[in-house]
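*Asks:* Please see the structure below; I have some questions.
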Amino acid sequence: MKLFRRARRRAPDHGPDSTDAVLLAAVAAGQTRALEILHHRHAPWLRMRLRYRCSDTDQVDAALQETFLAVWRNAGSFTPRPGDADAGAWLWTIAIRQLISQLRKRTNQWIADGDTDYEIIGDASAEDTVLLNIEHGPLGTALHSLSPELRSAIQATVLDGLTVREAAQILQIPEGTVKTRVMRAKARLREALT
C-alpha cells in the first residue's frame, strides 16, 4: 500500500526582487512580508517628496504611516495597466492625499469657526500657509469653478506635484490629454484671477 503525503501549500515567497504589482497582490492576500518589502522600497523616496511639501517631520511621518496603512487596507484595488506594473504613482497619490489630510486637520485648528477672515495661529510653515490660501482664498474659488476634468489634471500636476506621466497613469488618460487639460485649466484660472 502506497502512502501519499499531502504536499503542504506554502505561500509563494515574495522577495525583494518581486515587482510592485506582485507585492501588492500579496499584500491584498494578507502577507505582511510583502508590505514590509514595499515599505522598504518606497518609504524613503515618498518621505523625501513629502518633505518638499511640508517642513513638519511629524506631519510627514504621520502621512507616511497612514499611507502604508491605506495600502494594507486597499492593496486589492491596485490594478496595473498592461505593460505597466509600477505602483509608484499609485503610492504617491495615496501619500500626498494623506499629507493633505494631515495638514487639513491642523488647518482646521487655525481657523476660527465661521470666520471668513482667518488668521494663522502658531508656527505655520510656508506650505501650510499656501494650502490655506489655496483652499480658502480666491484661488480655491477659481479651482472649484473648473470642470472636474480640468481640476483633477491641475491638482495632480501642480498641487500634488506629479509628473505628467504619473498624472496620466493615475487619471487613466493619455499624457497629451493631461498636458492639454493643464494648459486649459491654467488659462481659465488666469481669466478668473485677473
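The values are calculated or read from the model by the stated rules, or taken from the named source; none is laboratory data. Computed from a predicted model, the values in this text were never measured in an experiment. Cβ atoms come from the backbone with ideal geometry, glycine included; neighbour counts cover every protein chain shown.
*Asks:* Select from the range 78-97 the residues that are at pLDDT 85 or above and among the small types (Gly, Ala, Ser) and list them in ascending order.
*Replies:* If the condition is that a residue be at pLDDT 85 or above and among the small types (Gly, Ala, Ser), then ALA95 is the only one that fits.
*Asks:* Another one. Please tell me if THR194 is under 16 Å from LEU139 (Cα atoms) and surrounded by fewer than 18 Cβ atoms within 10 Å (Cβ to Cβ).
*Replies:* Criteria met by THR194.
*Asks:* Which number in (1) assigned to a helix (DSSP H, G or I); (2) under 26 Å from LEU91 (Cα atoms); (3) in contact with a helix residue (DSSP H, G or I) (Cβ under 7 Å, 6 or more places away or on another chain) marks the one condition that ARG184 misses?
*Replies:* Condition (2) is where ARG184 drops out.
*Asks:* State yes or no: is ARG41 assigned to a helix (DSSP H, G or I), touching a Pro at 6+ places or on another chain (Cβ under 8 Å) and within 22 Å of GLY161 (Cα to Cα)?
*Replies:* Yes: the conditions hold for ARG41.
*Asks:* Please work out if ARG106 is surrounded by 13 or more Cβ atoms within 10 Å (Cβ to Cβ) and at pLDDT 80 or above.
*Replies:* The answer is no for ARG106.
Conditions tested, residue by residue: (1) exposed (fewer than 15 other Cβ atoms within 10 Å of the Cβ); (2) in contact (Cβ under 8 Å) with a residue 60 or more places away in the chain.
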residue	(1), (2)
HIS144	yes, no
GLU149	yes, no
GLN155	no, no
VAL164	no, no
ILE170	no, yes
